[in-house]
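Below: the structure, in structure tokens.
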Amino acid sequence: MIRSKNTAKAIIIDNDRVLLLKKKYDDGSIMYTLPGGTQEPGESLEQAVIREAYEEAAAKVSVIKLLNIYEHQRHSKTQQGKITHKIEFAFLCHLEALYQPKMGHHPDPHQVSVEWKKIDQLAQLTLSPKRLSEIIARYMTLDANIYLGDISQ
């Protein structure tokens, strides 16, 4: 079974660092991803990314602009036989106040921390989606192509 959903992701940059969620799964694997999550019915994508950044990382943000739209698929880590197809809308966001990474009041189930990571060291991490470092690098090079298509591979 395949389930599709829209998700809004926050790209929050501070000099040479990006804010990421660290997740740990039952099998012991560690994965890093952008703050963000599923768009709720009646909610705009911008409202979703602002809400999700606060719920997961206690980060009060404003949206600067939509940077990228991309799709990816993966097998569910929690439900055997289920494939999740995500259409992710990555927004460049601005922190509204000084910020120290901390867990929000409604973190993802497998989220264990919120961390600043140096952009030039992202390739050394296990990321979700796997090509996340390329997406963030596109921001750094100001690549104008917004829709990236399927980045599952």
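Read-outs: derived from the displayed coordinates by stated rules, not from any lab. Computed from a prediction, not measured in an experiment: that's the story for all the values here. Heads up, the Cβs are rebuilt from the backbone with ideal geometry, glycines too, and the neighbour counts pull from every protein chain shown.
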HN-Hα J in Hz across the range 96-110 - Karplus 6.51, -1.76, 1.60, θ = phi - 60°, x for Gly and Pro: 7, 8, 3, 9, 10, x, 7, 5, x, 7, 9, x, 4, x, 9
Amide hydrogen neighbours beyond the local backbone of R131, cut-off 5 Å, H modeled: none
Highest-MSF residue in the chain out of E56, E71, E134 [GNM, Cα springs under 10 Å]: E134
Under the rule a/c < 1.5 gives rounded, and otherwise a/b versus b/c splits prolate from oblate, where does the range 1-82 land using the Cα gyration tensor? oblate
Per residue, the convex hull enclosing the Cα atoms of the range 2-150 spans a volume in Å³ of 111
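Count charges around T33 for me, please; just the other residues with Cβ under 9 Å from its Cβ, Lys/Arg as +1, Asp/Glu as -1. All intermediate terms of the calculation are to be shown ahead of the outcome.
Working: positive: K9, K22, K23; negative: D108.
Charge balance near T33 sits at +2.
If we count every other residue with Cβ under 15 angstrom of E115's Cβ, Lys/Arg +1 and Asp/Glu -1, where does the sum land? Walk me through the numbers on the way to the answer.
Values: positive: R17, K22, K23, K24, K102, K117, K118; negative: D14, D16, E56, D108.
So the surrounding residues net to +3.
If R₀ is 25 angstrom, what is the calculated FRET efficiency for the pair H85 and E46, using the beta carbon separation as r and rounding to 0.05?
With R0 = 25 Å, the Cβ-Cβ based efficiency is 0.65.
Which net charge results when you count Lys and Arg as +1 and Asp and Glu as -1 among the other residues whose beta-carbon is under 12 Å from that of L92?
Net charge in that neighbourhood comes out at +2.
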For the chain, set up a Gaussian network in which alpha carbons nearer than 10 Å are linked by springs, and say which option among T78, T38, T126 fluctuates the most. T78
Counting only C-alpha contacts under 8 Å and six or more residues apart, can you give the relative contact order of the chain as a whole percent? 32
Just for the chain, what percent of DSSP beta bridges are antiparallel, to the closest 5? 65
Place a +1 charge on the Cβ of each Lys and Arg in the chain and a -1 charge on the Cβ of each Asp and Glu, then give the dipole magnitude about the Cα centre in debye, rounded to the nearest 20. 320
